[in-house]
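Okay, so here's the structure we're looking at.
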Amino acid sequence: GLWFMQIALRNNETFNEALDGMKKRILGARKFVLGDGQESGPIWLGYRTQSSNTSGDYGLIVYDKGAWVIHMLRTMLVDLQTMNEDRFIGIMREFYERFLGKEATTLDFQRVIERHLGASMDWFFKQWVMDTKTPEYTFAYQTVKNPAGKYETTCRIKQENVAPDFMAPVV
């Protein structure tokens, strides 16, 4: 739906506002980010994420977080030189055609992606579909003038709140 909205409206500002609103709802769920309340369940639980104590989680997790995960996948697959999205489009087309009118699982979707990429996506699904953790980043930098009179900048990014093997591709 988000992807269609971006294409149909041809308005990245509206698209980005929708993503930002979803992010705020996801991260603000019962103030869990601050350690209060019951943790939201992972996407793969589907309707089981909602209980009498977690009203609204199905929509929040399956639709809002699910849309974010698909968006992350889309941005990972875009050719940054040409902004071509053929790989993502091919994945979505194959999944749609293959499972039209049939039941499909998360693993079915993962396997279609892997077939197109020729690589395992276990890490991606483990982090974003099977788990609930969200990384937090701290950025620091230092700029100094070297003996030649030029400036050198050193940057450091610290990743927290996730497992040590959490991968965050940076392009």
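The values are calculated or read from the model by the stated rules, or taken from the named source; none is laboratory data. Keep in mind that what you see is a predicted model, and the values were worked out from it rather than measured. For neighbour counting, all protein chains shown are included, and Cβ atoms are generated from backbone atoms with ideal geometry for every residue, glycine included. These area figures cover heavy atoms from the full protein model, side chains too; ligands, DNA and RNA do not enter into them. Shrake-Rupley method; radii C 1.70, N 1.55, O 1.52, S 1.80 Å.
Estimated at the nearest 10 Å², the accessible area of Leu80 is 90 Å² with a 1.4 Å probe. Each label point was placed 7 Å from the Cα along the Cα-to-Cβ direction; for Lys102 and Trp3 their separation is 2.0 nm. One chain, two ends: Glu17 and Gln142. Fully extended at 0.36 nm per residue, the span grows by 41.8 nm beyond their Cα-Cα distance. Taking every alpha-carbon pair under 8 Å whose residues sit at least 6 apart, the chain reaches a relative contact order of 15 percent. For the chain, a/c is not less than 1.5, where a ≥ b ≥ c are the root eigenvalues of the C-alpha gyration tensor, and a/b does not top b/c. That puts it in the oblate class. How far is helix 12-27 tilted off the main Cα axis of the chain, in degrees rounded to 10, range 0 to 90? Taking the Cα atoms of the chain, the angle to 12-27 is about 80 degrees. A 1.4 Å probe, protein heavy atoms only, puts the accessible area of Met167 near 90 Å².
Could you state the angle between the C-alpha long axis of helix 66-77 and the longest principal axis of the C-alpha atoms of the chain, as a value from 0 to 90 degrees rounded to the nearest 10? Orientation of helix 66-77: about 50 degrees from the principal axis. Could you tell me what percent of the accessible area of the chain is made up of carbon and sulfur, with a 1.4 Å probe and every protein chain present? Answer for the chain is 55 percent, counting heavy atoms of protein chains only.
Loop exposure criterion: GluC sites (Glu not before Pro), DSSP state outside H, G, I, E and B, at most 14 other Cβ atoms within 10 Å. Applied to the chain, the longest stretch between such sites is 104-171. For the chain, find the longest principal axis of its Cα atoms and tell me its angle to the long axis of helix 86-99, 0 to 90°, nearest 10. Between helix and principal axis, roughly 20 degrees.
Summarising the label geometry, the points placed 7 Å from Cα in the beta-carbon direction at Gln81 and Phe166 lie 3.3 nm from one another.
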